[in-house]
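Below is one structure; the comments refer to it alone.
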Amino acid sequence: MPSLSTYPASASARDRFVVERRGPRPVHDPRQYQDLIVEDERPAEGAPVRVATVFLTGRECPWRCAMCDLWRFTTPENTPAGAIPRQIATAVAALGEERPRPTVIKLYNAGSFFDPRAVPVEDYDAIACALAGYSRVVVESHPALIGPRVDRLLDALARHREAHEIPPALEVAMGLETAHPQALDGLNKHFTLAGFEDAARELLRRGVALRVFLLISPPFVADAEQDSWLLRSVNAAFDCGASVISLVPTRAGNGTLEALAAAGTFRQPDLDDVERSFALALTHAASRGRLFVDCWDLDRFASCASCLPARRKRLYEMNLEQRILPAWSCRQCTAATWS
């Protein structure tokens with residue numbers, strides 16, 4: 001791993017390093033969700049399904065990961081009781097106008113759903129009541145929080161299922177980011193690959209599906225090793241029992257990554273990197289499971305506005321079809337997508 005003399009060695013010092021480089025936090029109303037989007041996603045079997053993602057507002061995550069900028073969408077105070085159910089109920093009501101109606105709902109709170117300061121446990125029943133009728137619920141969590149609160153949520157979903165219906169299947173998304181041991185440590189995630197594997201086993205033991213986030217171009221991995229470590233990370237995620245892997249391009253802008261870039265230990269990927277990485281990983285994944293790339297923020301990685309819409313559409317369609325589609329060439333920037 002490239003050296004960085006100014007990056008602290010201890011976890012507590014790294015926490016301070018990350019926090020000191022942050023910009024101001026916007027003020028958010030804990031009674032209102034951040035955003036709501038609906039898109040298609042390829043399921044394990046069958047035709048694409050409609051998926052709603054609710055970006056919730058709540059307490060900031062207690063971990064200070066080097067690459068994270070999600071704290072900007074959180075509050076410094078504990079989430080008030082009743083706030084999360086209200087946000088979800090408002091979002092579900094807004095989804096009533098969607099046709100076809102989404103059958104899967106993701107609840108992403110810019111942290112960990114099983115952090116009781118972010119999502120109060122006493123709200124689980126109200127949350128489950130608002131989710132009755134969905135076939136699958138996806139929440140996100142740090143591996144360290146996989147435990148009894150998962151059981152509490154499963155029980156609540158079972159109690160509040162619609163009459164004569166099975167409860168929504170639960171899926172938990174966890175950010176492994178990379179299997180590179182030194183890079184994982186440098187990211188300040190506060191877990192090892194072995195710890196991630198333990199959490200994954202706990203989910204699978206409960207019959208809970210696992211979705212894994214991996215970074216494209218994480219810091220602390222040399223450019224020449226990025227592709228090989230991405231494929232090793234894909235292997236590690238599937239070995240843990242993941243049914244879905246989502247590739248997330250590492251985006252600068254949180255202060256810490258700028259410091260790492262200045263020290264030569266991080267380079268934000270460009271759209272070529274994103275396309276190449278997805279193609280490599282998708283080919284490598286073969287029949288082990290579904291593998292998607294995050295298309296939400298692609299404009300941050302593109303240098304040409306002319307070809308961005310077509311390249312975004314291609315990646316989105318590759319997500320749905322789970323195969324590499326023909327390359328796109330741009331006359332404006334001479335870029336060609338990886339195939």
Scan of segment 9-22 for residues that are outside any helix (DSSP H, G or I) and modelled with pLDDT under 95, ordered by number: Ala9, Ser10
Tell me which of these Pro326 doesn't satisfy, since it passes every other one: (1) farther than 24 Å from Arg50 by Cβ; (2) under 20 Å from the mean Cα position of the chain (by Cα); (3) in a loop (DSSP other than H, G, I, E, B). (2)
Need the failing condition index for Gly175 against (1) touching a Cys at 6+ places or on another chain (Cβ under 9 Å); (2) in a loop (DSSP other than H, G, I, E, B); (3) closer than 21 Å to Ile105 by Cα; (4) not hydrophobic (A, V, I, L, M, F, W, C), just the number. (2)
Which residue pairs have Cβ atoms closer than 6 Å, lie 6 or more positions apart in sequence or on different chains, and pair a first residue in segment 106-120 that is closer than 13 Å to Met174 by Cβ with a second residue that is of a type in the set (Lys, Arg) and not in a loop (DSSP other than H, G, I, E, B)? Phe114/Arg149
Can you find, within segment 309-325, the residue that is farthest from Val248 (Cα to Cα) among those that are of a type in the set (A, V, I, L, M) and in contact with a helix residue (DSSP H, G or I) (Cβ under 6 Å, 6 or more places away or on another chain)? Leu325
Screening Leu257, Leu282, Leu308, Leu320 for residues that are touching an Asp or Glu at 6+ places or on another chain (Cβ under 8 Å), at pLDDT 95 or above and hydrophobic (A, V, I, L, M, F, W, C) leaves only Leu320
Can you tell me which residue within segment 42-60, out of those that are of a type in the set (A, V, I, L, M, F, W, C) and buried (at least 21 other Cβ atoms within 10 Å of the Cβ), is farthest from Ser141 (Cα to Cα)? Ala52
If you take the residues of segment 244-291 that are β-branched (Val, Ile, Thr), buried (at least 16 other Cβ atoms within 10 Å of the Cβ) and not in a strand (DSSP E or B), which of them is nearest to the chain's Cα centre (by Cα)? Thr250
Which count do you get for residues in segment 47-90 that are of a type in the set (A, V, I, L, M, F, W, C), assigned to a helix (DSSP H, G or I) and over 30 Å from Pro8 (Cα atoms)? 4
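The values are calculated or read from the model by the stated rules, or taken from the named source; none is laboratory data. Predicted, not measured: the structure shown is a model, and the values here were computed from it. Reconstructed Cβ throughout: ideal geometry from the backbone, glycine too, with neighbour counts over all protein chains shown.
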